[in-house]
Amino acid sequence: MTQKLVVVGAGMASGRMLEHLFEAAPGAFDVTLFGAEPRGNYNRIMLSPVLAGEKTFDQIVTHDGDWYAAHDVACRFGETVTRIDRKAKVVFSRGGETPYDKLVIATGSAPFIIPIAGRDLPGVRAFRDLDDVEAMVAAAKKPNAKAVVVGGGLLGLEAAAALRLRGMEVVVLHLMGHLMERQLDPAAGYLLQKELEGRGIKIHCKAQTKAVLGTDRAEAVLLEDGTIYPADIVVMAVGIRPEVRLATDAGLYVERGIVVDDQLMTSEPDILAIGECVEHERICYGLVAPLYDMAKVAAKTLLGEKAAFRPVETATQLKVTGVNLYSAGDFADAPDREEIVLRDASAGIYKRLVLKENHILGAVLYGETADGAWFFDMLRKNTDVSEMRETLIFGQAYQGGGKLDPMAAVAALPDDAEICGCNGVCKSKIVGAITEKSLTTLDGVRAHTKASASCGTCTGLVEQLMKLTLGDAYNPAAVTPMCGCTDLGHDDVRRLIKAKGLKTIPAVMQELEWKTSCGCAKCRPALNYYLVCDWPDEYADDYQSRFINERVHANIQKDGTYSVVPRMWGGVTSAKELRAIADVVDRFEIPMVKVTGGQRIDMLGIKKEDLPEVWAELGKAGFVSGHAYAKGLRTVKTCVGSHWCRFGTQDSTGLGIRIEKFMWGSWTPAKVKMAVSGCPRNCAEATCKDVGVICVDSGYEIHFAGAAGLDIKGTEKLGLVRTENEALEVIVALTQMYREQARYLERIYKWAKRIGYDEIRRQILDDLEKRRAFYDRFVFSQKFAQVDPWSERASGKDKHEFKPMATLSLEPAE
Amino acid sequence: MTKTMQWAAIGRLEDIPRRGARCVKNGGMTIAVFRTADDRVFALEDKCPHRGGPLSQGIVHDGCVTCPLHNWVISLESGLAQGADEGSTVTFPVRLEGDRILLGIAAVAEEAA
Ligand code: SRM
Ligand SMILES: Cc1cc2nc3c(=O)[nH]c(=O)nc-3n(C[C@H](O)[C@H](O)[C@H](O)COP(=O)(O)OP(=O)(O)OC[C@H]3O[C@@H](n4cnc5c(N)ncnc54)[C@H](O)[C@@H]3O)c2cc1C
Ligand code: SF4
Ligand code: FES
């Protein structure tokens with residue numbers, strides 16, 4: 001009979017343990033997984049980049065619904081286990097009693113909140129889970145928002161740097177004399193402080209926090225010396241305490257953490273404990289590498305195999321983009337110790353090694369950390385370094401008189417050198433996996449070895465190993481870069497524009513380290529669009545970064561003339577409009593007039609110089625630009641609908657006109673075409689459009705993601721709505737979601753396929769709040785976009801565009 | 001008959017937008033005058049070596065212009081097509097005197113008797 005395994009806590013340790021368990025003996029246990037958080041396992045380490053806006057939460061989920069389903073895990077997320085009855089072998093939760101044969105406690109730790117007045121006020125947060133991150137992100141949205149971070153350790157500084165990236169004013173309060181005093185010596189602490197101050201973060205060391213002030217919510221933080229820092233949010237990052245309450249109440253042996261032996265067994269048979277809640281040989285751990293070792297051993301113990309957990313040295317890195325910092329071991333001063341220090345102020349480098357009798361005890365590296373793994377390896381192996389003492393500090397590449405070459409350094413690492421500290425993966429394991437499994441991508445290596453899959457700071461090393469093993473067959477550009485000017489892909493650029501608050505093209509190029517001085521014809525129009533979309537009220541459109549058609553608001557033709565297509569709302573026109581067009585055609589001798597495939601009229605072959613006057617004339621009859629040239633809303637085709645047609649069910653013409661009048665002028669990643677048909681006979685061809693509506697008796701069927709150009713694709717059905725108002729809201733929200741997420745030149749059908757149709761349905765149809773927020777953002781941006789570009793130019797804007805600078809006559813003057 | 005170079009003042013630097021171009025008509029020919037992001041000025045015949053596209057309408061970047069019709073990239077300095085494409089466009093010398101732009105046109109003039 002399969003045994004019942006209950007796991008309390010869906011965190012990093014338990015996720016890893018289940019992986020080992022299912023890999024070794026699938027089906028051996030019926031697993032029930034409790035988690036207090038309303039979500040499954042994710043990579044908690046990466047909450048820092050999520051807070052900074054450099055990653056999304058989806059990217060850090062380690063186990064998704066499919067994975068749990070595939071392994072028959074009964075998921076009880078959002079359900080806290082409140083009590084263990086070890087006699088009856090059941091656990092209690094809101095959902096009742098759950099019996100177990102084996103129990104694993106993996107409750108992690110609880111953030112420590114210092115016991116001062118005001119600590120319970122809303123606005124005081126820890127930095128532990130996604131809810132904390134969301135609360136901080138929300139606080140950062142307020143203009144001029146201020147954050148006070150209490151604690152200048154790893155966690156506090158990652159929070160501070162991330163909040164600063166989000167545009168907040170940030171103060172860090174730190175009790176000790178320098179930052180990260182547990183990992184850094186004062187000199188490295190100083191360099192770090194200077195770097196963070198350079199980013200606009202205020203650091204206050206030796207700060208005794210006395211109280212959080214505020215009536216209904218946190219408003220400020222008061223220090224013992226009377227200093228007051230205003231705060232919209234206060235982040236407590238002063239430390240963690242093993243989460244042991246369940247175990248204590250159940251009568252297990254608990255000291256600082258739940259005491260376990262080498263097999264991870266607690267004092268009670270059939271109950272194991274792993275992770276941060278555990279104490280082993282008087283040590284509690286707060287970094288994932290040893291916890292992953294525990295996970296491996298616990299899985300073996302559960303299966304009755306022999307394995308033992310042994311204490312491990314840990315190394316630390318700070319995950320703040322642009323700060324390189326590595327620290328391992330013990331580096332306190334002592335009479336029997338020697339140190340080697342290297343400083344390079346202009347390059348911002350500081351390295352310090354602490355030795356005892358020619359063995360490395362500790363290493364602090366700031367500014368340049370490539371040799372961290374090498375030092376750490378010698379530290380753990382207790383290598384005698386007397387042979388290379390003279391050059392030790394210059395790193396591995398200098399040994400043996402070689403030149404500084406990162407590839408040589410990686411090549412020289414011994415097979416058992418640890419590459420990924422989080423997951424304890426050594427060099428030979430990575431190289432082995434690459435050759436045996438024919439891996440060619442970083443994702444592949446991550447999937448098979450887990451190397452660089454947690455905090456990601458060793459990604460560079462892993463890539464160098466891949467390069468070494470695969471030679472030219474490895475192309476490290478896992479994402480397709482936007483163009484030759486950058487290595488970043490469109491998604492990264494879009495995210496970083498938001499996260500760093502970049503509001504001009506030069507700012508993007510500077511901050512994201514563009515390789516060219518002013519971009520190219522591929523990236524400039526894309527960046528211009530992203531900035532228009534993200535900062536509709538603040539960004540000044542850069543016309544020189546637009547393709548000619550969008551710059552002069554007409555379509556260029558092969559002979560250098562232009563075509564002009566005015567809007568005919570929903571394809572409906574009148575005698576007056578047609579007469580105006582006829583007059584313009586006569587007056588400017590326009591060579592061709594054609595009905596387009598988009599239900600309107602095209603005038604082709606107009607000279608550029610004539611454009612402003614053509615527009616002025618058309619404007620008098622009420623015409624505005626049809627944007628036939630734009631990555632923006634093009635046409636909304638309609639059929640005659642219920643107004644005339646014997647089959648029509650709703651006013652399809654009216655709805656089409658309403659949509660077009662509401663949405664014209666908006667810029668989009670690629671062109672957007674819509675159509676509304678009055679019944680399923682579909683005379684407006686709505687089912688091959690970017691967005692289409694099929695009217696039916698009971699309402700409006702909304703379709704999206706069709707194509708009828710280079711690719712032909714029928715639409716997907718988004719869903720049925722009852723009223724015209726709702727139809728408009730859904731269409732607008734869908735378009736805004738697309739505007740915010742798609743890559744430049746990616747049409748809706750390609751974007752939707754990438755994101756997933758269900759995800760779009762979820763955000764646009766099911767989640768009313770999200771829908772409304774998308775809708776509101778579209779409406780806001782229309783305030784700045786719905787300006788007729790033709791009338792602007794007819795009255796003089798950009799007039800230099802339309803006439804020559806000079807006309808030369810070089811004949812000698814008689 | 002001698003070949004002479006005539007310099008004609010065609011306007012001021014501020015008449016051309018940065019990373020943009022303006023046209024100068026010279027008889028039947030159109031000359032595109034470009035201004036780069038760092039205020040250098042170049043002149044080319046407004047005709048792409050590919051299929052005659054109007055280069056003045058392209059996007060200007062790093063000393064090059066991308067033709068609006070089929071995206072060939074042409075060097076402003078040499079008039080040569082970049083990358084794998086082959087061909088060239090006639091270039092004209094340009095001088096900046098203060099912010100005045102002078103365009104040099106080689107012309108064939110009657111020698112004064
Ligand atoms: C004028 C028109 C043809 C006509 O005489 O009917 C036309 C003309 C052009 N189409 Fe189109 N398309 C026209 C309807 C269509 C349609 C039919 C429709 O809209 O219902 C389609 C298929 C539907 C679709 O888009 O999925 C269509 C699919 C394309 C494509 C392929 C797009 C794709 O993503 O697959 C291109 C190429 C592109 O955009 O890169 C294109 C590009 C063009 C361009 C802009 C080519 C260019 O870059 O110069 C042509 C501009 C001519 C001009 O100066 O006016 N045109 N084009 C139609 C104008 C509609 C309007 O009133 O705005
Ligand atoms: C922002 C941040 C950055 C970090 N960066 C790094 C880093 O760079 N490197 C590194 O090595 N480590 C880092 N850490 C530490 C690392 O995340 C932890 O060591 C690791 O997550 C601990 O794993 P765990 O499984 O023991 O606990 P957790 O991952 O915390 O999981 C425990 C889970 O149990 C749940 N739980 C608790 N009690 C109950 C109950 N009674 N019933 C049901 N569920 C319960 C909790 O809600 C939680 O979801 C970071 C941590 C944070 C917060
Ligand atoms: S789709 Fe239906 S309503 Fe529209 S014209 Fe055709 S038959 Fe009439
Ligand atoms: S005409 Fe210039 S690229 Fe074709």
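Send over the Kirkwood Rh of chain A, from the inverse of the averaged 1/r over different Cα pairs, rounded to one decimal Å. Present the calculation step by step, with values, prior to reporting the outcome.
Working: mean 1/r = 0.0324 Å⁻¹.
This gives a value of 30.8 Å.
Suppose we take every Cα in segment A:277-348 and form the convex hull; what volume per residue is that in Å³? Could the numbers behind the result be given before it?
Numbers: hull volume 11.3 nm³, N = 72.
Expressed per residue, the convex hull around the Cα atoms of segment A:277-348 is 157 Å³.
Please compute the average number of Cβ atoms from other chains found within 10 Å of each residue's Cβ in peptide B:51-61. Kindly include the intermediate steps, with their values, before the conclusion.
Working: counts 1, 3, 5, 6, 0, 6, 10, 3, 12, 5, 12.
Mean number of neighbouring Cβ atoms from other chains: 6.
Its alpha carbons give segment B:2-105 an Rg and a Dmax of 13.0, 39 Å.
For A:Trp615, A:Trp664, A:Trp535, what's the fewest-to-most ordering of other Cβ within 10 Å of each Cβ? Walk me through the numbers on the way to the answer.
Numbers: A:Trp615 27, A:Trp664 23, A:Trp535 18.
Listing A:Trp615, A:Trp664, A:Trp535 from fewest to most nearby Cβ atoms yields A:Trp535, A:Trp664, A:Trp615.
Can you find, among A:Gln782, A:Gly699, A:Ala752, the residue farthest towards the positive end of the dipole of segment A:672-814? Put +1 on the C-beta of Lys and Arg, -1 on that of Asp and Glu. Checked the options; the winner is A:Ala752. Using C-alpha pairs below 8 Å separated by at least 6 residues, the relative contact order for chain A is 7 percent.
As a proxy for reagent exposure, ranking A:Ser109, A:Ser14, A:Ser574 by other Cβ atoms within 10 Å from fewest up yields A:Ser574, A:Ser109, A:Ser14. With Cα atoms defining each centre, segment A:572-646 and segment A:508-555 are spaced 28 Å apart in the structure. For segment B:98-103, the Karplus equation 6.51 cos²θ - 1.76 cosθ + 1.60, evaluated at θ = phi - 60°, returns couplings of x, 9, 7, 9, 10, 10 Hz by residue, with Gly and Pro reported as x. The residue list A:Cys520, A:Pro335, A:Thr98 was ranked by how far each Cα lies along the charge dipole of the protein assembly as shown toward its positive end, using unit charges on Cβ atoms, and A:Cys520 comes out on top.
How long are the semi-axes of the equivalent ellipsoid of segment A:543-681, taking √(5λ) for every eigenvalue λ of the Cα gyration tensor, in whole Å from largest down? Don't skip to the end; give the middle numbers.
Details: eigenvalues 154, 67, 28 Å².
Each semi-axis is √(5λ); the values are 28, 18, 12 Å.
In summary, the helical segments of chain A meeting the span-like criteria, namely a full DSSP H run, a Cα extent along the axis of 15 angstrom or more and a mean Kyte-Doolittle hydropathy of at least 1.0, are A:154-165. Taking the helices alone, the protein assembly as shown has a mean residue ellipticity at 222 nm of -8000 deg cm²/dmol, built from -39,500 (n - 2.57) per DSSP H run of at least 4 residues and averaged over all its residues. Straight Cα distances below 19 angstrom link A:Lys620 to the lysines A:Lys576, A:Lys661, A:Lys797, with same-chain residues fewer than 8 positions distant left out. Reported value for segment A:437-539: 117 Å³ per residue, from the convex hull of its C-alpha atoms.
Distance from the C-alpha centroid of segment A:300-338 to that of segment A:1-25: 25 Å, rounded to the whole angstrom.
Taking all Cα pairs closer than 8 Å and separated by 6 or more residues, the relative contact order of segment A:661-776 comes to 22 percent.
Taken about its Cα centre, the protein assembly as shown carries a charge dipole of about 2140 debye when Lys and Arg each add +1 at the Cβ and Asp and Glu each add -1 at the Cβ. When both bridge partners sit in the protein assembly as shown, DSSP labels roughly 70% of those beta bridges antiparallel.
Would you mind ranking A:Ile497, A:Ile113, A:Ile274, B:Ile105 by Cβ crowding within 10 Å, fewest neighbours first?
Numbers: A:Ile497 22, A:Ile113 16, A:Ile274 33, B:Ile105 19.
So the ranking, lowest neighbour count to highest, is A:Ile113, B:Ile105, A:Ile497, A:Ile274.
Coordinate-derived values only; no laboratory data. Computed from a predicted model, the values in this text were never measured in an experiment. Note: ideal-geometry Cβ built from the backbone for every residue, glycine included; neighbour counts use all protein chains shown.
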